[in-house]
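Structure in structure tokens, see below.
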Amino acid sequence: MSGNDFIALSPLLLLTGSSVLIMLLIALKLSHRNIQLSSLLLFILAFFSLFYEPDVSPHHIEPLLVVDRFAVFIMGLIIFSGLVVNILSYIYFEEKEEGPKEYYVLLFLCTLGACVLATSKHFISLFLGLEILTVGLYALIAYLKARHHNIEAGIKYLVLAAFSSAFLLFGMALIYLQTGSMEFSIIGRSLHSLPSLPPLFLTGLGMMLVGVGFKLAVVPFHMWTADVYQGAPTPVTSFIATVSKGGVIAVLLRFFIVIDGFRFSPLMLMLMSIAIASMIVGNLLALQQKNVKRILAYSSIAHLGYLLVALIPGSVMSIQAVSFYLAAYFITILTAFGIMTILSTKENDAEDIESYKALFWKHPLLACIFSAALLSLAGIPLTAGFVGKFFILAASLQAGFWMIAFVLVIGSVIGLYYYLRIISKMFSGRGGVPRKEQRSHPVFYLVSVIVLSLLTLFIIWFGVYPSGLIYFVDYFRLNM
Amino acid sequence: MILTYLIGILMGGGLLALLLGQWNKSLPKWIALGTVSIGFMLLVSFWIDQSHGVNIFLSETWMAEYRHDWIPAFGISFHLALDGLSLLLLVLTFFLGILAVLCSWNEVKERVGFYHFNLLWILAGISGVFIAMDLFLFYFFWEVMLIPMYFLIGIWGSEKREYAAYKFFIFTQASGLLMLLAILGIYFIHGSNTGNYTFNYFELLGTTISPDTAFWLMLGFMIAFVVKLPLVPFHSWLPDAHSEAPTAGSLILAGLLLKTGAYGILRFVLPLFPEAAQSVASWAMLLGVIGIIYGAILAYSQTDLKRLIAYTSVSHMGFVILGIFAFNELALQGVIMQLVTHAISTGALFIMAGMLKERLHTRDVRLMGGLWTQMPQMGGTAMLLAMASLGLPGLGNFIAEFLILLGAFKANVWLTVLATCGLIFSAIYSLWLIQQVFLGPKKTPDSVQDFSWREIILMASLILSIIWLGLYPQPVINTARPMINKLEKLFVNQSTNNKHVNNLHSTICIEHASSTASFSNTIKLV
């Protein structure tokens, strides 16, 4: 490995080193606050190391990894989300008094796994990254062991993720059998001359899609989502919703681009039916939920469906659309779960929709932030979510996919209902003087609120003036 | 530049009201009143300048334009332009905006800042819709007016406000998304034809689209507009939203939001898809007539005062559709008159309903009666407004409906005959309303107050404008004429089977009609 390789890998190395360092700091019996602050610092360091990436893209670290602009973009999103989750976690875990320190080690490991996914160009690194991510998540989901739901969710995730990993491995093996390689580009080259997919390859790819589908929680592999979202501690839920999905989407996109999978109609048919089913089922199942975490879980199924719609055309615009939508979705979902985290109390997470009643009269600022996030998820203009959805619609109409664009529209109309339900709950029940509550951690509370306000500003900024982000997304585009 | 200022002041004023509303309860009202009045004065002085200018009868239809790149990657620009139609509707927007602020002066007591923020942002969205000449920007403003309206109904409405707010939002949003699909469709078709990907209205105008595609794209636009208008099968959001909204909300809904639908058809559907529009013309006219009659019958059977007025809107908007799809100058002039006069007369009725509710704490017509003796001023005003609504000559609505019927008669005789029956129905429900509320035995024991000074000013301005429009509609007709002529030419050139309609002839006709009308009105008044 040359010096340049080290520079290119510096974010990954920093994340790895951070987890070890935090472990050592825990051994020194530092306080929770110090651990939190140092991990925050390390996250910031990892984030800024991305700016020193050599711009001669793409940089291959043979045979496993490639660091190109797209990878840098996705890593940036992932590390940024890790950073936000880290900030929001302090109050949440401090109140629970269950030895919250090791949490930060796991957070670094999971972020590392997702980053490896974003840079991988080989089945081995794909699998390694995925396993680092999921094994960390098992522990994170079940972290609050005194709570009934947490353990249940952890076990559920463990069983299903292990199950899907098996599928993934078997699929990889079949593809290896067919092509003799596990590297994306060589697989792509061996497919290059073929007019249609060989059956063995198709089977392998199908099994891989099952594995990936489980991680992405798209229909019909979505059963675990609601329970895990509900059971996991709220900051972890936001982590699952953003980081783990973003990494997987990135590697999926890279794989499809490299093997040029868009020209094989059975493959596209599979993706299309998954996308359509996810949009419809996700939105329909969310309608009757009374738990905000579950609503967001089902809505995430629908949103992953939207992302697949963006991915299906496989054009330049669709790569931009995926990147844009991911960025918008990350910011939005972090904001939404951030509000839930702040509102959670020692005993209960703020997950029942009733607990949002009259929030607007009690905490106007938090209610406005939450409304902005929900409107962005619903795709209403003035928010980033709208431009993202517009981008997706444009990408799919450009390629002539009218049908799935239409389903997307229907899906978002259904989706509107449950987002509005939360919003109207916040505005219902008038009067009520704002109570002055005693905050146990005023400084961190303030910091969290400031972070969430900044995210909201981003949501609105990208909704009103998206040119900057569009330029950015284009610059960091995956080369075809 | 005046166009950006107009939207800018509204949005800025809204933010200011929101921020200052934290400290002071009455400041937001004054800020809102100030911003809307400044905008109104700017516009009126602009209008007067224009009408004294040289070129109002010439072919140049655009009076002001502003363009700035917004999202160049997609060919989206911040492009505003103003012609006669937009100008009229903008003046209307700001006029009703002032009244909306005034009529909620005492009604709103909590979250005053946020209330006025919403109010001003709705007005900003509506103004944007009327002047946006970029299809993306148009969609953007189209949606911008929804969210504050949703809050206005959902927070300050009456008992069933949440349900009404939902229904309103989902109906309009769903139809709006279909329009977005259609907008993207025409964007890509134009782009692949010419290689120039743009949302600019003027460049998209000449797009050649195959008839099948054009039909579907036209439907996408049409559905968004007829839901807003509303045309009969899509009207069910309207009575709920109107009756649950606070007074200012109902005023804006009836006076302005419905007009955006008609404006959209005139501005986008007809010029972008002339052939496709012609192919559905007879169906649209039929639905319009059904709307006229159905709305009137339902209005008669309501007991809730605001619902009753809401259904009269359905009936009156039926005339709009009938007129638009008659495709001739008379009818189109009538449509524009109808947009203006309906906004004023129905808006005034909603304000009146709000005042009654403030005094009696009910909207149920059955609980009212004999109010004239206690409130002669309000009774007289209501009488005049009801007369306007039923189309009494001398008041603006008569000119509008008369012109529409004249124009529609040329296009389709039998439907026009049916539509004329609608006038009889409207006389029935209007008179019934007056009889129930103001005449007959007195049902409320305690005494109620007549108009206050604020209310007198409110109502006087509305009544004066409706009488002015009835006696001297010429300024409105002149202002809209260049745009109407352009539209008509589109269809005269298009239609081969239609008899060639002489432009000059119809112009003379219209002046004749209006002068006859005003003449006969003057006689009646004397």
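Starting from region A:64-92, keep only residues that are at positive phi, then list their pairs with residues that are assigned to a helix (DSSP H, G or I) whose Cβ atoms are within a distance under 9 Å, requiring at least 6 positions of separation or different chains.
none
Answer yes if at least one residue in region B:120-140 is touching a Lys or Arg at 6+ places or on another chain (Cβ under 7 Å) and more than 23 Å from B:Phe215 (Cβ to Cβ), and no otherwise.
no
Which one of these is more than 30 Å from A:Ser323 (Cα to Cα), within 14 Å of another protein chain (Cβ to nearest Cβ) and modelled with pLDDT under 85: A:Pro442, A:Pro434?
It is A:Pro434.
Of the residues B:Trp121, B:Trp142, which is in contact (Cβ under 8 Å) with a residue 60 or more places away in the chain, open to solvent by 10 Å² or more (accessible area, probe 1.4 Å) and within 28 Å of B:Trp70 (Cα to Cα)?
Within the list B:Trp121, B:Trp142, the selection yields B:Trp121.
Residues being free of Cβ contacts under 8 Å to residues at least 60 places away in the same chain and either of a type in the set (S, T, N, Q) or outside the structural domain of A:Leu64 (by TED's automatic domain parsing) (or both): count how many of those fall in region A:173-229.
Number of matching residues: 6.
To keep it simple, each residue is scored yes or no on (1) more than 19 Å from the chain's Cα centre (by Cα); (2) closer than 24 Å to B:Thr247 by Cβ.
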| residue | (1), (2) |
| --- | --- |
| B:Ala427 | yes, no |
| B:Trp432 | yes, yes |
| B:Gln435 | yes, yes |
| B:Phe438 | yes, yes |
| B:Ser461 | no, yes |
| B:Ile466 | no, yes |
| B:Tyr472 | yes, no |
| B:Ala480 | no, no |
| B:Ile484 | no, no |
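Identify all residues within region A:307-324 that are open to solvent by 10 Å² or more (accessible area, probe 1.4 Å) and part of a helix (DSSP H, G or I); write none if there are none.
Once the filter is applied, which keeps residues that are open to solvent by 10 Å² or more (accessible area, probe 1.4 Å) and part of a helix (DSSP H, G or I), region A:307-324 yields A:Val316, A:Met317, A:Gln320.
Hey, can you tell me all the residues within region B:180-194 that are surrounded by 23 or more Cβ atoms within 10 Å (Cβ to Cβ) and facing chain A (nearest Cβ under 9 Å)?
Of everything in region B:180-194, those that are surrounded by 23 or more Cβ atoms within 10 Å (Cβ to Cβ) and facing chain A (nearest Cβ under 9 Å) turn out to be B:Leu180, B:Leu184, B:Tyr187.
Does any residue in region B:445-462 that is over 22 Å from B:Thr362 (Cα atoms) come within less than 6 Å, Cβ to Cβ, of a residue that is modelled with pLDDT of 80 or more and surrounded by 12 or more Cβ atoms within 10 Å (Cβ to Cβ) six or more places away or on a different chain, and which pairs are these?
B:Leu462/B:Ile344; B:Leu462/B:Ala348
In addition: Among the residues of region B:135-179, how many are more than 21 Å from the chain's Cα centre (by Cα), more than 7 Å from chain A (Cβ to nearest Cβ) and over 26 Å from A:Pro364 (Cα atoms)?
Of the residues in that region, 1 qualify.
May I pose another question? What is the number of the single condition among (1) in contact (Cβ under 8 Å) with a residue 60 or more places away in the chain; (2) facing chain A (nearest Cβ under 10 Å); (3) crowded, with 18+ Cβ neighbours inside 10 Å that B:Tyr197 does not meet?
(3)
Next question. A:Asn479 fails exactly one of the following numbered conditions: (1) within 13 Å of another protein chain (Cβ to nearest Cβ); (2) touching a residue at least 40 places away in the same chain (Cβ under 8 Å). What is the number of that condition?
If we test A:Asn479 against (1) within 13 Å of another protein chain (Cβ to nearest Cβ); (2) touching a residue at least 40 places away in the same chain (Cβ under 8 Å), just (1) comes out false.
Given the structure, is B:Lys109 within 11 Å of another protein chain (Cβ to nearest Cβ), more than 19 Å from the chain's Cα centre (by Cα) and on the phi < 0 side of the Ramachandran plot?
Judged against the criteria, B:Lys109 is a match.
Could I ask something else about it? Among A:Ala372, A:Ala367, which is the only one that is open to solvent by 10 Å² or more (accessible area, probe 1.4 Å), in the same structural domain as A:Ser315 (by TED's automatic domain parsing) and hydrophobic (A, V, I, L, M, F, W, C)?
Of the residues listed, the single one that is open to solvent by 10 Å² or more (accessible area, probe 1.4 Å), in the same structural domain as A:Ser315 (by TED's automatic domain parsing) and hydrophobic (A, V, I, L, M, F, W, C) is A:Ala372.
Residue-by-condition table, conditions (1) buried (at least 23 other Cβ atoms within 10 Å of the Cβ); (2) not aliphatic (A, V, I, L, M); (3) not assigned by TED's automatic domain parsing to the domain that holds A:Val449:
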position	(1), (2), (3)
A:Leu37	no, no, yes
A:Leu40	no, no, yes
A:Ile61	no, no, yes
A:Asp68	no, yes, yes
A:Val72	no, no, yes
A:Gly76	no, yes, yes
A:Ile79	yes, no, yes
A:Glu95	no, yes, yes
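Return the residues of region B:288-328 that are β-branched (Val, Ile, Thr) and open to solvent by less than 10 Å² (accessible area, probe 1.4 Å); say none if nothing qualifies.
Selection gives B:Val289, B:Ile292, B:Ile309, B:Thr312, B:Val314, B:Val320, B:Ile321, B:Ile324.
Looking at the structure I just gave you, is B:Leu217 at the interface with chain A (Cβ under 10 Å from one of its Cβ atoms) and crowded, with 21+ Cβ neighbours inside 10 Å?
It is false that B:Leu217 is at the interface with chain A (Cβ under 10 Å from one of its Cβ atoms) and crowded, with 21+ Cβ neighbours inside 10 Å.
While we're on this one: Applying the selection to region A:270-286, what residues are over 14 Å from A:Thr225 (Cβ atoms) and open to solvent by less than 10 Å² (accessible area, probe 1.4 Å)?
A:Leu271, A:Ala275, A:Met279
If you scan region B:356-394, which residues turn out to be open to solvent by 10 Å² or more (accessible area, probe 1.4 Å) and among the aliphatic types (A, V, I, L, M)?
If the condition is that a residue be open to solvent by 10 Å² or more (accessible area, probe 1.4 Å) and among the aliphatic types (A, V, I, L, M), then B:Leu360, B:Leu367, B:Met383, B:Leu384, B:Met387, B:Leu390, B:Leu392 are the ones that fit.
Here's a follow-up. If the requirement is being modelled with pLDDT of 90 or more and in contact with a strand residue (DSSP E or B) (Cβ under 8 Å, 6 or more places away or on another chain), which of these qualifies: B:Leu120, B:Leu89, B:Leu80?
Matching residue, one of B:Leu120, B:Leu89, B:Leu80: B:Leu80.
Go through (1) β-branched (Val, Ile, Thr); (2) open to solvent by 50 Å² or more (accessible area, probe 1.4 Å); (3) within 14 Å of chain B (Cβ to nearest Cβ) one by one and return the number of the condition A:Ile380 breaks.
(2)
Still on this structure, I have one more. Answer yes if at least one residue in region A:391-400 is more than 8 Å from chain B (Cβ to nearest Cβ), open to solvent by 20 Å² or more (accessible area, probe 1.4 Å) and touching a residue at least 40 places away in the same chain (Cβ under 8 Å), and no otherwise.
Yes, region A:391-400 contains at least one residue that is more than 8 Å from chain B (Cβ to nearest Cβ), open to solvent by 20 Å² or more (accessible area, probe 1.4 Å) and touching a residue at least 40 places away in the same chain (Cβ under 8 Å).
Within region A:401-422, take every residue that is of a type in the set (A, V, I, L, M) and more than 10 Å from every other protein chain (Cβ to nearest Cβ) and give me the one that is surrounded by the fewest Cβ atoms within 10 Å (Cβ to Cβ).
So, considering only residues that are of a type in the set (A, V, I, L, M) and more than 10 Å from every other protein chain (Cβ to nearest Cβ), the one surrounded by the fewest Cβ atoms within 10 Å (Cβ to Cβ) is A:Met403.
The values are calculated or read from the model by the stated rules, or taken from the named source; none is laboratory data. Since we're looking at a predicted model, the values are computed, not measured. Methodologically, a virtual Cβ is constructed for each residue, glycine included, from the backbone with ideal geometry; neighbour enumeration extends over all protein chains shown. What goes into the accessible areas is simple: the full protein's heavy atoms, side chains included, and nothing from ligands, DNA or RNA. Shrake-Rupley method; radii C 1.70, N 1.55, O 1.52, S 1.80 Å.
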